[in-house]
Amino acid sequence: MLRSFHKTIVKTIVLAAPAVLFPSPAIAQSPRQANPERPTFATHAYAVVPGYVELEQGLAARGVGSLREETSWDVNLKLGVSRHVQAALFGPLYTRSAGGGGVGDLGLALKLRTDVSSRAALAIVSSVTAPTGSATRDLGAGRALGALVGVVSADAPGGLHFDVNAGPQAIGAGAPQWFLSLSGAKGLGSAGITLEVFQFSPGGAGQRLAGLLGAVTVRLAEWVVADAGGVARTASGTPDQLFVGITTNLGRAF
């Protein structure tokens, strides 16, 4: 299973290589320009401008049998530490399942990134979640978990953007779940569309998950981007999902 999964990772990166090798010209970006990591499972290889703060938040409904099985309010508060470092506090500030409602497992993420060219970048994102959610009410894992994900991001001709993510998730719960995703976005003026295929291999924290995500984004202002979309399962046991969210660049903190 893992050998096949690793072959899929290599194949996906090879397919994305042309976008990395043949980037389009650079475009200057304002420090107040919002650059969301949501709504995909993946992240990109860029960072908030040093000294600036960006807040992502969204509401989601998900479930295998019904979208009413679980709802959550998810946040991701990002701080640009330096040109190559971003720190973030993330997780569900409120989640509700059959067992009840409350805060979920909150975590910290550190993104180390570098530019390969004017239109391509690489990053490594390490993260850890704390057992702040009640495991007895099915709001958390009941233990601290780690993750380590490699990221390739690139802009291609025609206004296309690609992100490839791969790495182990749920480290600390037995065998890790290997995560792989390929997402692509196309800008259409102030609006845009995003598609992503993703997969989590089976591991100690759960079964295999896989699906297709689609979303629409709208830049309401330079510093505000809204999104809405959903997830359709391609593997049994994967929750379907509907979500809506907003990303706000809050300005300079230091």
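Listed by position, the strands (runs of 3 or more DSSP E) contained in segment 48-104 that have at least 1 residues being within 18 Å of V244 (Cβ to Cβ) are 52-63, 70-82, 85-97. If you go through segment 48-60 and keep only what is open to solvent by less than 30 Å² (accessible area, probe 1.4 Å) and within 17 Å of the chain's Cα centre (by Cα), you end up with V48, E54, E56, G58, A60. The number of residues in segment 30-79 that are out of contact with any Phe, Trp or Tyr (no Cβ under 7 Å at 6 or more places or on another chain) and of a type in the set (F, W, Y) comes to 2. Across segment 175-228, the qualifying residues are those that are under 21 Å from V64 (Cα atoms) and among the charged types (D, E, K, R), and the one among them that is most open to solvent (accessible area, probe 1.4 Å) is R208. Per the listing A210, A173, A226, the residue uniquely assigned to a loop (DSSP other than H, G, I, E, B), free of Cβ contacts under 8 Å to residues at least 40 places away in the same chain and within 27 Å of T95 (Cα to Cα) is A173. Return yes when A121 is buried (at least 19 other Cβ atoms within 10 Å of the Cβ), farther than 18 Å from W73 by Cα, over 14 Å from the mean Cα position of the chain (by Cα) and among the small types (G, A, S) and no when it is not. So A121 passes the test. The set of residues in segment 105-136 that are β-branched (V, I, T) and part of a loop (DSSP other than H, G, I, E, B) comprises T132, T136.
When the residues of segment 77-98 are filtered to those that are open to solvent by less than 40 Å² (accessible area, probe 1.4 Å) and closer than 23 Å to R137 by Cα, the one that is modelled with the lowest pLDDT is S97. Under 8 Å by Cβ, and 6 or more places apart or on different chains, what pairs join a residue from segment 34-45 that is farther than 15 Å from L250 by Cα and open to solvent by 20 Å² or more (accessible area, probe 1.4 Å) with one that is in a loop (DSSP other than H, G, I, E, B) and polar (S, T, N, Q)? Here the result reads E37/T43, each pair linking segment 34-45 to a residue that is in a loop (DSSP other than H, G, I, E, B) and polar (S, T, N, Q). For the subset of segment 229-254 comprising residues that are loosely packed, with under 14 Cβ neighbours inside 10 Å and among the hydroxyl-bearing types (S, T, Y), which member is nearest to K78 (Cα to Cα)? So, considering only residues that are loosely packed, with under 14 Cβ neighbours inside 10 Å and among the hydroxyl-bearing types (S, T, Y), the one nearest to K78 (Cα to Cα) is T234.
Looking across segment 126-173 at every residue that is open to solvent by less than 40 Å² (accessible area, probe 1.4 Å) and among the polar types (S, T, N, Q), the one that is nearest to I193 (Cα to Cα) is identified as S153. If the condition is being free of Cβ contacts under 8 Å to residues at least 60 places away in the same chain and loosely packed, with under 14 Cβ neighbours inside 10 Å, then segment 64-76 contributes G65, S66, R68.
The values are calculated or read from the model by the stated rules, or taken from the named source; none is laboratory data. Computed from a predicted structure; not experimentally measured. Neighbour counts run over all protein chains shown; Cβ positions are idealised from the backbone, glycine included. These area figures cover heavy atoms from the full protein model, side chains too; ligands, DNA and RNA do not enter into them. Shrake-Rupley method; radii C 1.70, N 1.55, O 1.52, S 1.80 Å.
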